[in-house]
1. Specify which of the listed residues (SER85, SER120) is at pLDDT 95 or above and more than 28 Å from ALA296 (Cβ to Cβ).
2. So if I check each of ARG240, ARG154, which one is assigned to a loop (DSSP other than H, G, I, E, B) and either over 23 Å from CYS273 (Cα atoms) or of a type outside the set (Val, Ile, Thr) (or both)?
3. Is it the case that THR67 is modelled with pLDDT under 95, under 24 Å from the mean Cα position of the chain (by Cα), surrounded by fewer than 22 Cβ atoms within 10 Å (Cβ to Cβ) and within 19 Å of ALA142 (Cα to Cα)?
4. Pairs under 7 Å by beta carbon, first residue aliphatic (A, V, I, L, M) in segment 71-85, partner assigned to a loop (DSSP other than H, G, I, E, B), six or more apart or different chains?
5. Look through segment 269-303, keep the residues that are among the hydroxyl-bearing types (Ser, Thr, Tyr) and assigned to a loop (DSSP other than H, G, I, E, B), and return whichever of them is surrounded by the most Cβ atoms within 10 Å (Cβ to Cβ).
6. I want to confirm something. Restricting to segment 223-268 and keeping residues that are of a type in the set (Asp, Glu) and in contact with a strand residue (DSSP E or B) (Cβ under 8 Å, 6 or more places away or on another chain), which single residue is surrounded by the fewest Cβ atoms within 10 Å (Cβ to Cβ)?
7. Can you give me the number of residues within segment 304-326 that are in a loop (DSSP other than H, G, I, E, B) and under 26 Å from SER88 (Cα atoms)?
8. Out of GLY229, GLY185, report the one residue that is farther than 19 Å from VAL150 by Cβ, modelled with pLDDT under 95 and more than 20 Å from the chain's Cα centre (by Cα).
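The values are calculated or read from the model by the stated rules, or taken from the named source; none is laboratory data. This structure is a prediction, so every number in the text was calculated from the model and none was measured. Every residue, glycine as well, gets a Cβ built from its backbone with ideal geometry; the counts of neighbours run over all protein chains shown.
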Amino acid sequence: MSSSTSSIARSGTNVFEIVKYNVVLQTVEAARRSACSSKTKSSSSILPPPNNPPPPKPLLIGMPCETTGEFPVLLLLHGYLLSNSFYSQLINHIASHGFIVTAPQLYTIVRPDSSDEIKSTAAITNWLSEGLHPLLPPHVQANLSKLALVGHSRRGKGKGKEETSTSLKFSALIGIDPVDGMDTGKQTPPPVLTYVLQSFHLEMPVMVIGSGLGEVKRNPLFPPCAPKGVNHEDFFNECRKLACYFVAKDYGHLDMLDDDTKGITGKATYCLCKNGKSREPMRRFVGGVVVAFIKAYLEGDSSHLLAIREGVETLPIELQIVKLLL
């Protein structure tokens, strides 16, 4: 990765802000369809066209709207017990920089074993080639040769050792505060961490984003949301080059979610984990660093990522750890 940070100053682009593209958010179910919204960020539901295969799981898709172009695709996997709708503001942020973000709802009833989630992720990945394009606005194309996998919490475990084969190849992997269980020796099956340094053989760039408060208990009745021994630190220790590692100092495991998460599960996100003062700064940071990483390794523009490392770009949060294995 090599580039000059001066291009950022010339362009004025800030990856931590929502910029450039109007975005439409659409849920893909099995009953309704509506057209791309006009000039505003919006939410709508669509039914796949006749002869177009429905997705294996319900989807929330964020995409640039009212533009022409071909855009990389990110497959975003929600965290344990969470809804894909809780990530709508993060999805909007990322999509506004010129990406198509597809976020499935992997389950409604959670199981301790994540094997079914891995199989569902593979099925959705295989569906993208045939099913995604008819759902996009006119003149918007998905570049599936530039495909990234992004997972939060338990789904930050990424592809895992028991990877199910897919027809598409991922070009980058991002773990947002990844967690592999309740504690060392209590990993969620199938376990990913081996506790052997640089043991991951992923053959793609990897970024690990950690939360400084994730390993802190909110109250004595519940364990921390990202326990030490099975969290971001352990994941990065097993990464090889090329890998990036950022830890947000004063923010927690769920601080990249929407400001308002509804329902019983949504309310629980405010009281189960140790949180920062506000979700907005952490969400802006996660959205921005994801954009910077994808631009570097899928689009060949490393200026933003280098600017973050070198302190050239102003961050919405304070970082506790910055490491790049290049």
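1. Result of the check over SER85, SER120: SER85.
2. On the way: ARG154 fails: assigned to a loop (DSSP other than H, G, I, E, B).
Just one listed residue meets the conditions, ARG240.
3. Judged against the criteria, THR67 is a match.
4. Here the result reads LEU74/PHE99; LEU77/LEU106; LEU81/VAL110, each pair linking segment 71-85 to a residue that is assigned to a loop (DSSP other than H, G, I, E, B).
5. THR269
6. Taking the candidates together, the pick is GLU233.
7. 6
8. GLY185
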